[in-house]
Structures are given as C-alpha cells and as structure tokens.
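What follows is a single structure, written as structure tokens, with notes after it.
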Amino acid sequence: AAKNDHRGVALATGEADDVAGRQRLTTLEELRVGLDRGELTLHYQPQMHLASGTVTGVEALVRWEHPRRGLVFPDVFLPLAEHAGLMGRLTLQVLDIALAQCRDWRAAGLHLVVAVNLSASNLQDTTLPGHVADALSRYDVPPAALHLEVTEEILMRDAARATAVLAELRAMGVRLAVDDYGTGYSSLAYLHALPVDDLKLDRAFVTHCDSDPRSAAIVKSTVELAHNLGMRMIAEGVESEAALDRLREWGCDLVQGYHLSRPQSADRFTAWLDERYPRRGAEAEIALH
Ligand code: C2E
Ligand code: MG
Ligand code: MG
Ligand code: MG
C-alpha cells in the first residue's frame, strides 16, 4: 500500500513507518532544545468547590510553544519525553512555572491552589520530594497550595517505590489526588493503603452522568467511597449545567470541565476569574487547606 508523507511523496508502508520514526526523532531533538530554551508553558483550568460555588484552584496543563508548529499538546510530546528520560527535567520546569504563577496570584490576593500532574518516572525518582520542597521554598508557596495528581494506572507500576515517594510528599503537606480514577486497575484494598487525599473520577463517567444511568450510579458510589475513605471527590470532564446540577446533588466536592472553562493561559484565566467573580477575596477565604 502506498501512503503520502507530508511532502506529498508516495511511499511504501515500510518507508512510511521510517518517516514516522524519523518524525518522532526530530520531535525529540526539538523537545530537548525546547526544554533548554524554555518553550514549555502552562494553561490553567479552574476547579470549582461545588458547595460554595467558588473557584478554589486550577489544574496546570503543560503545552509546548513550538517555534514553527505552534501550540503542541501533551499527548504528542509527553510519551516521547517519558521514553527518552526527559520527564524529570520537564516536571521540574512545570513545577517552576506553576509555583511562580501561584506566588504571583497570592501576591495579588488570589489564594488559588495549583494542581500539577506527575508522570510514571517521577514516582520512581526518590529525589523528587526534595526538589518539590526546594521549589516551594524558592517561591515561598505553602505546601498546602500545591496539589499533585497521579494517574491510577501509574500508581500500579511500582507500587512500593511510588508509595514511598508519595508518602514523603504528603508528609511535607502537599495534597495528592488519584487522577483518571476508574480507568486503571486499582483494587479497593490498594486504594485503602494509598497515601492520597482526593479521588479524581475520570471524565468517561462524569460527562454524561446526567443522562446515562450507569454513569450516574458510578459517580454516586464514588462520591460515597471517597467520603467514606476520608477523601474528597473531584469530577473532571463536566461539560454541561445538567451534569453540574447532578454532581452538586450527589455531594461531589470539586468540579472541573469545559462547562466552567477550557484550560487557558494565565492571563486569560485571570481575566475570566475577574469577570466571573468581581469581588476578589471571597475565594481567598475559602481556599482549601
Ligand atoms: P489530565 O490530567 O486528566 O487532564 C485533563 C485533560 O482533560 C486535559 O487535557 C484537559 O484539557 C481535558 N479536559 C478538561 N476538561 C474537559 C472536558 O470537560 N471535556 C473533555 N473532553 N476534556 C477535558 P490535556 O491538557 O490535553 O492533557 C492531557 C493529559 O496530559 C492530562 O490528563 C495529563 O495526564 C497529561 N498532562 C498534562 N500536563 C501535564 C504535566 O505537566 N505533566 C504530566 N506528567 N502530565 C501532564
Ligand atoms: Mg490531571
Ligand atoms: Mg484526569
Ligand atoms: Mg487524563
């Protein structure tokens, strides 16, 4: 079978695979350079506390401002970074940007919690907690203002070491969430033993929870499970007012999703917040500790 590469040249499939391989290599080399040049940036998506209706925090989501390709999304470069052993550096850069932003918001009276995602290799890195502590003190951000998210799938890889790293972070006062909850394979016994504070239910169960009875059942019982384990439940992928209403009714603690806002640059997020909550300070009081 013949395929066209991006220059419109017909190629046999084997050659096309070579092209894909070369493309990945090019991306990887560009990513190394991009990391050196500080081409990573963060977009922020609000998290709303449902009972009070206030925005208490944001999730920081990495983007790569590629000089020619424009904004590149994490699905494209995170797997490459992880594979090439660049994830340690990448995460430290993300933490730096997120905590600098958090400090600036705090200086402006906006006490927002910032959630940062960790990768599989981060959790195998016993130097991570020390780096996080350094960054927190460098930016003078209290540990409680930083949340770290780890996917359920990642947690299962090398559970013993991951648990030790997480326990150390949590002992510092950083809050931990299981991300994409419900898409991995963690047993309830395992969940019980994990040093985590929040369950972040995957959007696969959340988005249609107002119309799909099976999703509704899963959301309701996860809220109950989280609360019975002393955790908070965060719903991601909230795309409608109807879903938001059900989640409030079922006692979900925090929500995040396109219905509130898409992830956006710090400036645009701050403008969005100003428009939505003209009276600043209210959310500062309710900022979660
Ligand atoms: P995640 O941590 O589960 O983040 C949520 C993803 O869902 C984000 O995609 C967000 O833009 C998207 N999303 C938010 N609300 C909605 C909604 O209502 N509907 C739908 N359909 N999607 C929604 P994004 O930004 O492309 O990030 C994808 C994944 O990449 C993240 O999933 C996370 O696993 C990873 N990631 C992003 N930034 C970082 C980072 O700095 N470090 C690491 N290790 N991973 C990151
Ligand atoms: Mg996340
Ligand atoms: Mg998620
Ligand atoms: Mg995800």
- Query: Mind checking which residues of region 57-90 are surrounded by 19 or more Cβ atoms within 10 Å (Cβ to Cβ) and in contact with a helix residue (DSSP H, G or I) (Cβ under 6 Å, 6 or more places away or on another chain)?
  - Reply: 60, 62, 64, 77, 81, 87, 90
- Message: I'd like to check something: does region 158-170 contain any residue that is assigned to a loop (DSSP other than H, G, I, E, B), more than 22 Å from residue 226 (Cα to Cα) and either of a type in the set (Lys, Arg) or more than 16 Å from ligand 4 (Cβ to nearest atom) (or both)?
- Response: yes
- Lone qualifier among 218, 234 - being hydrophobic (A, V, I, L, M, F, W, C) and away from ligand 4 (no atom under 15 Å from the Cβ): 218
- Go through region 177-240 and tell me which helices (runs of 4 or more DSSP H), entirely inside it, have 2 or more residues that are surrounded by fewer than 19 Cβ atoms within 10 Å (Cβ to Cβ). 188-193, 213-228
- Query: Looking at region 144-156, which of its residues are under 14 Å from residue 173 (Cβ atoms) and surrounded by fewer than 17 Cβ atoms within 10 Å (Cβ to Cβ)?
  - Reply: 144
- Could you tell me whether region 116-123 includes any residue that is more than 21 Å from residue 232 (Cβ to Cβ), surrounded by 19 or more Cβ atoms within 10 Å (Cβ to Cβ) and more than 16 Å from ligand 2 (Cβ to nearest atom)? yes
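Just give me the residues in region 136-157 being within 16 Å of ligand 2 (Cβ to nearest atom) and assigned to a helix (DSSP H, G or I), in sequence order. Talk me through it step by step, then tell me what you get.
Taking region 136-157 first, the residues within 16 Å of ligand 2 (Cβ to nearest atom) are 146-155.
Across region 136-157, the qualifying residues are 152, 153, 154, 155.
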- Message: Given the options 140, 158, name the one that is in contact with a helix residue (DSSP H, G or I) (Cβ under 8 Å, 6 or more places away or on another chain), more than 14 Å from ligand 1 (Cβ to nearest atom) and either at pLDDT below 95 or closer than 16 Å to residue 222 by Cβ (or both).
- Response: 158
- Which of (1) free of Cβ contacts under 8 Å to residues at least 24 places away in the same chain; (2) within 16 Å of ligand 4 (Cβ to nearest atom); (3) among the charged types (D, E, K, R) is the odd one out, the single condition residue 179 does not satisfy? (1)
- Message: Can you tell me which of (1) more than 20 Å from residue 62 (Cβ to Cβ); (2) surrounded by 19 or more Cβ atoms within 10 Å (Cβ to Cβ) is the one residue 132 doesn't meet?
- Response: (1)
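The values are calculated or read from the model by the stated rules, or taken from the named source; none is laboratory data. If you're wondering where the values come from, they're calculated on a predicted model, not measured in any experiment. Because the Cβ atoms are built from the backbone with ideal geometry, glycine has one as well, and the counts that use them run over all protein chains shown.
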